[in-house]
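Novice: Below you'll find the structure I mean.
The values are calculated or read from the model by the stated rules, or taken from the named source; none is laboratory data. Since this is a predicted model, take the numbers as computed values, not measurements. So basically every Cβ, Gly included, is an ideal-geometry build from the backbone, and we count neighbours across all protein chains shown. These accessible areas exclude ligands, DNA and RNA; they are computed on the full protein's heavy atoms, side chains included. Shrake-Rupley method; radii C 1.70, N 1.55, O 1.52, S 1.80 Å.
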Amino acid sequence: MKRTILLLILPAIMIMLPAQASKPEEVKPVKNLIVMIPDGCSLPAVSVARWLQWYNQPNSPQLNIDPYLCGTVSTFSSNAPIGDSAPTTSCYMTGYPSRTGYVSTYPPSDKDNDIFPTDPNKAYQPLATVLEAMKIAQNKATGLVFTCEFPHATPADCSAHSYRRGNYHWIAPQMVHNDLDVVIGGGVSLLTGEMESYLAANGYGVYRNDLRGMRADTNNKMWALYGDREMAYDADRNPDEQPSIEEMTRMAIEKLSRNENGFFLMVEGSKIDWAAHSNDPVGMYTDFLAFDRACGAALEFARNNGETAVVIVPDHGNSGFSLGTRNCPGYDKLTKDQLFRQFSQYKLTAEGFARKLNSEPYSEVQNIFRQYAGLELSEEELHALAQVKDYKNSPVPAEERSSEGVEPSLYSGSLTSFMAKLLTSKTCFGFTTGGHTGEEVFIASYHPGGTPPTGHRTNIELNEYLCRAAGLPLSLDDLTHRIFARHTDVFKDYTCEIIPAYDATGSPTLIVKNRKDRNKQLTITPFTNIVKSGRKGEEEIRLNSVIVYVDANNTFYLPESLAEYLRSVQ
Ligand SMILES: [Zn+2]
């Protein structure tokens, strides 16, 4: 009898409760807040980037972030210790851990696995972000800089809401209609005509693959996009076609700092994560160094400006990257030349090499490797290359390609993956996975008032720090209640009808009528800040937040203030 009772108690204790902070941390509010996220950047990637910078430039032993390294963050999802990009930056922005794929949206409960208790009644609730709070409650300018496509996880986490990170048809219009001031990054093919007309009609400069146009832009508000979807890795980038992340950061700060109330800017080194997923050490360190130069630009502005805090923090680890592997015995006697000379000669990422090989004849292979890698391939490596399925210029007909005679550690279906393995095979770098990892991540920060986020904290506590640094006049929960109320609560005194969507990517329409006054009617479509008022939708109501529809619970989340438009004038 006694044993059974003991078993029951144990699981209950497993639900961990947030650490009770002794006294609230003192954080001096600032006018401007810059959050910089090297996506999927584990600390060893920072170490290798510093070594390579120092190896290539003997007078540059330090990274721009080095003087500001000040702590670590445990970052996780609501029901899993190893996070995904969507919920991890969402937590930094909203204060709530969530599930894989969830963009600034409250998770459904997962009783047995939730790390902190969750409220099942709040499932799918859009959650106000620090960016939205600074825009709405402080009239500050807001901006996003990134190298992925604009609706991708991290930029979306700051400015949109969806429980499916892949639903770009929900996310992209929200980002356009959330009236961000400056957006620079990838995703030309994802900006629809409707979105562009809305931006143009509202005073934005809009540029698609137009570096010259962007550089000449004088507007306060601007969208500049490069690449159909993501931008090129920094090492593969054509500087006549695409700007560096440093230039994008400087341009965003220049425009945003014109706002006398101040600004919020998020800068993401998006593709450090993509390179880590591909186990491509060249993409990891070169995109990190490009990101570090953007950090240099932001820190320089902050030091000169005196009213700006900068917080630099990855969203999660990736790939289990290490400097030192079992393939390199005698680890403690390996010289910097043995470790870095060959590697320092790589001038393209694995993806860059794949593009190059697929764009030039097989006869040019050795020239390509001599020019961009400082080496020639052996017979075995040439044979392995020729067997790669998606290598367009292979001398071996596709149907005859196989792994036969190919060194197993080199055999790959994709040219990018083959290149990542080949480039790594000549180094002492190791990888444990092609996925995210659960170790804590670093923080580097500059605060003009001397209150940077030091020590270890959780992702939730980092959000608390950001809210204090922003000096928000209200809690994010209060703002969430105000701008993302359920239509069933807001319009409980009126007639609501949801008209189903016409097609799969279409969205339903909510019609709300005042039974007592037939002229009082609202026509509401989601993922926008525009509401039509009147029986024929003759009037437009412009909101300073976006309306979100969640199909999982057939609910519109919208500002509670909308009810006022339906009240009959007595
Ligand atoms: Zn990520």
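Novice: Could you go through the stretch 282-305 and let me know if any residue there is of a type in the set (Lys, Arg) and either not assigned by TED's automatic domain parsing to the domain that holds Leu69 or not in a helix (DSSP H, G or I) (or both).
Specialist: Among the residues of the stretch 282-305, not one is of a type in the set (Lys, Arg) and either not assigned by TED's automatic domain parsing to the domain that holds Leu69 or not in a helix (DSSP H, G or I) (or both), which makes the answer no.
Novice: Next up: Run down Thr88, Thr118 and say which single residue is within 12 Å of the ligand (Cβ to nearest atom) and not in a strand (DSSP E or B).
Specialist: Thr88
Novice: Related question: I'd like the full set of residues that are surrounded by 20 or more Cβ atoms within 10 Å (Cβ to Cβ) and either over 21 Å from Thr88 (Cβ atoms) or charged (D, E, K, R) (or both), limited to the stretch 24-38.
Specialist: Once the filter is applied, which keeps residues that are surrounded by 20 or more Cβ atoms within 10 Å (Cβ to Cβ) and either over 21 Å from Thr88 (Cβ atoms) or charged (D, E, K, R) (or both), the stretch 24-38 yields Val27, Val30, Lys31, Asn32.
Novice: From the set of residues in the stretch 124-170 that are part of a helix (DSSP H, G or I) and within 16 Å of the ligand (Cβ to nearest atom), which is surrounded by the most Cβ atoms within 10 Å (Cβ to Cβ)?
Specialist: Within the stretch 124-170, the first condition is being part of a helix (DSSP H, G or I), and the residues that meet it are 130-138, 153-159, 168-170.
Now restrict to residues that are within 16 Å of the ligand (Cβ to nearest atom): 153-158.
Details: Ala153: 26, Thr154: 27, Pro155: 29, Ala156: 30, Asp157: 33, Cys158: 30.
Only one residue fits best here, namely Asp157.
Novice: I want to confirm something. Restricting to the stretch 259-303 and keeping residues that are β-branched (Val, Ile, Thr) and open to solvent by less than 10 Å² (accessible area, probe 1.4 Å), which single residue is farthest from Ala141 (Cα to Cα)?
Specialist: Val282
Novice: Can you tell me which residue among Gly330, Gly374, Gly324, Gly306 is without any contact (Cβ under 8 Å) to a residue 12 or more places away in the chain, more than 16 Å from the ligand (Cβ to nearest atom) and open to solvent by less than 60 Å² (accessible area, probe 1.4 Å)? Can you show your working first?
Specialist: Details: Gly374 fails: without any contact (Cβ under 8 Å) to a residue 12 or more places away in the chain; Gly324 fails: without any contact (Cβ under 8 Å) to a residue 12 or more places away in the chain; Gly306 fails: without any contact (Cβ under 8 Å) to a residue 12 or more places away in the chain.
Result: Gly330 is the single residue among Gly330, Gly374, Gly324, Gly306 that is without any contact (Cβ under 8 Å) to a residue 12 or more places away in the chain, more than 16 Å from the ligand (Cβ to nearest atom) and open to solvent by less than 60 Å² (accessible area, probe 1.4 Å).
Novice: A further question follows. Counting just the residues of the stretch 457-512 that are surrounded by fewer than 18 Cβ atoms within 10 Å (Cβ to Cβ) and β-branched (Val, Ile, Thr), which one comes out nearest to the chain's Cα centre (by Cα)?
Specialist: Thr505
Novice: Can you tell me which of Ser417, Ser409, Ser403 is away from the ligand (no atom under 16 Å from the Cβ), closer than 16 Å to Asp280 by Cα and exposed (fewer than 14 other Cβ atoms within 10 Å of the Cβ)?
Specialist: Going through Ser417, Ser409, Ser403 in turn, just one is away from the ligand (no atom under 16 Å from the Cβ), closer than 16 Å to Asp280 by Cα and exposed (fewer than 14 other Cβ atoms within 10 Å of the Cβ): Ser409.
Novice: Check whether at least one residue in the stretch 67-80 is in a helix (DSSP H, G or I), out of contact with any Leu (no Cβ under 9 Å at 6 or more places or on another chain) and either assigned by TED's automatic domain parsing to the domain that holds Thr286 or surrounded by fewer than 24 Cβ atoms within 10 Å (Cβ to Cβ) (or both), and report yes or no.
Specialist: First pass over the stretch 67-80, keeping only residues in a helix (DSSP H, G or I): 67-68.
When the remaining residues are screened for being out of contact with any Leu (no Cβ under 9 Å at 6 or more places or on another chain), the result is none.
No; the residues of the stretch 67-80 include none that is in a helix (DSSP H, G or I), out of contact with any Leu (no Cβ under 9 Å at 6 or more places or on another chain) and either assigned by TED's automatic domain parsing to the domain that holds Thr286 or surrounded by fewer than 24 Cβ atoms within 10 Å (Cβ to Cβ) (or both).
Novice: With the requirement that a residue be part of a strand (DSSP E or B), under 25 Å from Val176 (Cα atoms) and either over 36 Å from the mean Cα position of the chain (by Cα) or among the aliphatic types (A, V, I, L, M) (or both), what does the stretch 513-570 give you?
Specialist: Of everything in the stretch 513-570, those that are part of a strand (DSSP E or B), under 25 Å from Val176 (Cα atoms) and either over 36 Å from the mean Cα position of the chain (by Cα) or among the aliphatic types (A, V, I, L, M) (or both) turn out to be Leu522, Ile524, Ile530, Val531, Glu539, Ile541, Val548, Val550, Leu558.
Novice: For the stretch 387-405, which residues satisfy the criterion of being closer than 23 Å to Arg355 by Cβ and either without any contact (Cβ under 8 Å) to a residue 24 or more places away in the chain or of a type in the set (S, T, N, Q) (or both)?
Specialist: Gln387, Asn393, Ser394, Val396, Pro397, Ala398, Arg401, listed by residue number.
Novice: Could you check, for the stretch 401-416, whether at least one of its residues is of a type in the set (Ser, Thr, Tyr), in the same structural domain as Phe116 (by TED's automatic domain parsing) and modelled with pLDDT of 95 or more?
Specialist: Looking for residues that are of a type in the set (Ser, Thr, Tyr), in the same structural domain as Phe116 (by TED's automatic domain parsing) and modelled with pLDDT of 95 or more, one finds none in the stretch 401-416, hence no.
Novice: State all residues of the stretch 100-123 that are of a type outside the set (Asp, Glu), under 25 Å from Asn167 (Cα atoms), touching a residue at least 12 places away in the same chain (Cβ under 8 Å) and open to solvent by 30 Å² or more (accessible area, probe 1.4 Å); if no residue qualifies, say none.
Specialist: Across the stretch 100-123, the qualifying residues are Thr100, Ser109, Thr118, Pro120, Lys122.
Novice: Can I ask one more? Residues to consider are Asn459, Asn463; find the one that is within 16 Å of the ligand (Cβ to nearest atom) and under 30 Å from Leu33 (Cβ atoms). Steps first, please.
Specialist: On the way: Asn463 fails: within 16 Å of the ligand (Cβ to nearest atom).
Asn459 is the lone residue from the list that is within 16 Å of the ligand (Cβ to nearest atom) and under 30 Å from Leu33 (Cβ atoms).
Novice: Based on what the data block shows, is Gly185 surrounded by fewer than 19 Cβ atoms within 10 Å (Cβ to Cβ), within 16 Å of the ligand (Cβ to nearest atom) and at pLDDT 95 or above?
Specialist: Numbers: surrounded by fewer than 19 Cβ atoms within 10 Å (Cβ to Cβ): no; within 16 Å of the ligand (Cβ to nearest atom): yes; at pLDDT 95 or above: yes.
Here the answer is no, as Gly185 does not meet what is asked.
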